[in-house]
Amino acid sequence: MVQPHSIRDTDTAKSERLGLSTLEDISKLILQSSGLDQTLRNIVRLVADRMQSEVCSIYLCENDRLVLRATLGLASDSTGRISLGFNEGLIGYTAETRSIVNVGEPQSHPRFHYIADSNEEIYHSFLGIPLQDRQRLIGVMAIQTIEPRQFGPIEISTLTTIAFQLSAVVASARLLDQLDHEPFRNNDSPSTDVAIVPVGTDGQVVAERVEPTDSLLLKGELGFGGVAMGPAYLIDEDLGVSEIGDDEPFDLGTEQERLSEAIEKAKIETLCLEKRVAQRLSEEDAAIFHSHLMILQDRVLLEKLRADIHDGRSAASAIKHVIGDYVRAFRRLDDPYLQERAADMEDIGRRLLSNLSGQVRDIIQLPYEAIVVAKEMLPSDIALLDHARILGLVLEASDSNGHAVIIAKSLGIPTLVGVADATRRIRPGNNLILDSASGALHIEPAKQIRSEYRRLKIDGLRHQEELEQFKTRDAVTVNGTKVTLRANIGLLSDVSIAQQFGAEGVGLYRTELPYMARASFPDRKTQYEIYRRVVEGFPSQSVTVRTLDIGGDKSLPYFDTPRELNPFLGWRSVRVSLDHRDMFRTQIEAILMAATHGNVKLMFPMVTTLDEVLACKMVVAEAKQNLMNEGWTIPDVPLGVMIEVPGAIAMATHFAKEVDFFALGTNDLIQYLLAADRGNSSVSHYYDSLHPAVLAAIAQTVATAKRCGKNLCICGEMASDPASFALLVGLGLREFSVSSPSIFALKALLSKLDIKTLQNVAEQAMAESSGARVRKLISEAFGQVPAKD
Ligand code: PEP
Ligand code: MG
């Protein structure tokens, strides 16, 4: 029996080791197998061994049934024979609920279904894990043991990792299978082999390029916001393969040998990529390379390549031809999910060709810091690049949810996508200015534009250097009133930025950003890993994690939100979460799991009624209970609500009886108070953070929090503006959560002011009749003009 325990350092290290070695083991198993069935057989053996269980079985979905495809422990002749409906047995239950089913004494479970001749009656515990690939149910993996046993969190988490990796392998194998059986219908355009940019022996591009005009502005769409200046680095050119001599005379035997060598090298390379990505990003991101290995092992693919050489093609030409056929066939499939697999095939083709030509694609050390320009990025491109030298990223492809863009976002690299003809219009080394927020890419910009951007950059840097001294200083007034400055964060890359600016923890972690940066819902383990990394970034400080706040202007590409006339007044934020309890509970479980690694506070956005607060607390209690059943010991986590709707201010006294803290979200509060959409430029002059009604609402919230003895932290954008910040200190706020780069400037201004002056100015501001008059008052009093909203 596994004893309940919390996963602390040693257990975490253990689970990480287990997970990583499993990743490697699965790669090895793929390499030792020929085809899906053998891989599955090897995997059930591995899992049963790891879990010390008598049974491990894999059922795959086939024609709306779950068919036993591999088993260790159940009668071996039942493979392919046993099949269950989604409403049958614990296997069907796992598939139906798409969640982990962990039961002791399965026979007494209402969903138990005895299968004749399976010998299942002797097993006293059952663990079912759904196999899903990008939200699609592929099958179920089940573990059974003779001894009664409660599976603990480490085992469940390891099995979930295996299930995740296995799913990608199964998906690829089945896709190849599908194409092998009905290969290349309508194979009518043989000319489009894998796109390869021809380069000469000296590595120079030999294809003709369109000369750029002297100065050119290209437009694109925002991938990730920011400004970058620097020389262009064209990825097609530098990652492209060397010349491929289709027509040169060759010896058949030698070509077959060259092909074999290229395949072997590509496998080794794939294993290295997998390891590298697992270490730098996540195991989930690395799992894609299992599919690549599976493809490189595919018997039909290899036979096609050999047959092509036999028919008179060179090895390179065979790869271009056969892989090209696959790419086209994948692209023709109706399902967008399957179409995406074409990129994997193309990636493999390029890897094979570069090995053939002897150009080993090692980590690409950019020779200089550069703005990388490419048609599109394949998973291995981004893994191979030296991230530290990428100033910006420009892609012709317009898929802003593509793998490369997702990674670029998490690395904080300014990115512009959908830039038509970028690789033809830009030459290597061209001076570029990338202003992704405005969708602009300047090629060889005119002197004035260059000097304007340079001035902005230099001013910014100089100012930043002067302010650097504030990093280790407290945020304190002349006469010693101290305030706390925490960071607003959204992505993992924000953690180091917050540390760099000396943030005292995190006052608002917008968890929807990692959701938005992905192509599908992250599962509990993925969320837990992300949250854990954030929490561990602030070992001695608190991290306030806000639950999902989607709707309004934030949508998830894979989540259906209804079209609404007034989305900001509609189905958004905690309303969505409460209507999707499973999703909500999963997120809260992941947050509570992360809370075992540090000081976490849990916060709910946009509440307006007491019932919502109570419902949220109920979900927290369920999540806690679930985790305790799995063996976790969860610490007490303070609960809080955002005050960001006018009605919530009046309700705060009631909320105070149920929660531990408040967070004031002025971004939304202003729009609701003044009926001015925060994102609508035609009403932006109505959206005024210094409007007297806003100040009155803030003052009322401060007073209520004080009266109820609750901490209040303000996390709206206005707090990041020095002049407004000073006014907020005068209004009585002492806890702030701001954008990290503004921290030094806030401390600098506060260090020049005394609390009496701040309070006097705040009192006068409250009596003013317009935002404009408040603006004038505080700019005169503090010597700084407040930023326009
Ligand atoms: C707010 O509304 O002030 C807030 C901090 O939340 P968000 O900007 O994420 O809506
Ligand atoms: Mg808000």
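Under 5 Å from the amide H of residue 234 lie the amide H atoms of 373, 429, each residue being 5 or more positions distant or on a separate chain, with H modelled from the backbone and absent for Pro and chain starts. Simple spin-label estimate for residue 75 and residue 499 gives 5.8 nm between the two label positions (7 Å along the Cα-to-Cβ direction from each Cα).
Shape class for region 506-586: prolate, because the ratio a/c of the largest to smallest gyration tensor axis (alpha-carbon atoms, square roots of eigenvalues) is 1.5 or more and a/b beats b/c.
Using C-alpha pairs below 8 Å separated by at least 6 residues, the relative contact order for region 505-642 is 28 percent. Using the Cβ-Cβ distance between residue 447 and residue 759 with R0 = 51 Å, the FRET efficiency computed as 1/(1 + (r/R0)^6) comes to roughly 0.55.
Site pair residue 275 and residue 700 shows an inter-label distance of 6.3 nm when each label is modelled 7 Å from Cα along Cα→Cβ. When region 505-642 is described by a simple charge dipole with +1 on each Lys and Arg Cβ and -1 on each Asp and Glu Cβ, the residue from 627, 531, 593 located farthest towards its positive end is 531.
Calculated on the Cα set of region 46-85, radius of gyration then Dmax: 10.7, 32 Å.
The H on the amide N of residue 660, modeled in the peptide plane, is under 5 Å from the matching H of 639, 640, each at least 5 residues off or on a different chain.
One Cα centroid belongs to region 32-111, the other to region 600-631; the line between them spans 33 Å. Other residues whose C-beta falls under 13 angstrom from the C-beta of residue 708 contribute a net charge of +2, scoring Lys and Arg +1 and Asp and Glu -1.
A simple spin-label model places pseudo-atoms 7 Å from Cα toward Cβ; at residue 221 and residue 473 they are separated by 4.6 nm.
Think of region 615-699 as having a plus end and a minus end, set by charges on the Cβ of Lys, Arg, Asp and Glu; of 698, 685, 615, 698 sits farthest toward the positive end of this dipole. Treating the Cα atoms of region 61-129 as identical point scatterers in vacuum, please give the log10 of the normalised Debye intensity I(q)/I(0) at q = 0.11, 0.16, 0.18, 0.25 Å⁻¹, two decimals. Debye intensities relative to I(0), on a log10 scale: -0.24, -0.52, -0.67, -1.33. For region 505-642, the share of alpha carbon pairs falling in successive 10 Å distance bins from zero is 12, 45, 35, 8, 0 percent. Compared with the alpha-carbon gap, the fully stretched path from residue 769 to residue 63 is longer by 247.2 nm at 0.36 nm per residue. The dipole here belongs to region 20-92: it is taken about the Cα centre, uses +1 on the Cβ of Lys and Arg and -1 on the Cβ of Asp and Glu, and is about 100 debye. Residues whose amide H falls under 5 Å from that of residue 385, counting only those 5 or more places apart or on a different chain, are 364, with hydrogens built in the peptide plane. Computed from phi, the 3J(HN,Hα) profile of region 479-486 under the Karplus parametrisation 6.51, -1.76, 1.60 (θ = phi - 60°) reads 9, x, 7, 9, 10, 9, 10, 9 Hz, with x in place of Gly and Pro.
If I take R0 = 22 Å and measure r between the Cβ atoms of residue 331 and residue 268 in this structure, what FRET efficiency does the formula 1/(1 + (r/R0)^6) give, to the nearest 0.05? For residue 331 and residue 268, the calculated efficiency is 0.15. Based on every Cα atom in region 469-554, Rg and the maximum pairwise Cα distance Dmax equal 15.0, 51 Å.
FYI, it's all coordinate maths here, none of it is from the lab. Computed from a prediction, not measured in an experiment: that's the story for all the values here. Cβ: placed from backbone, ideal geometry, glycine included. Neighbour counts: every protein chain shown.
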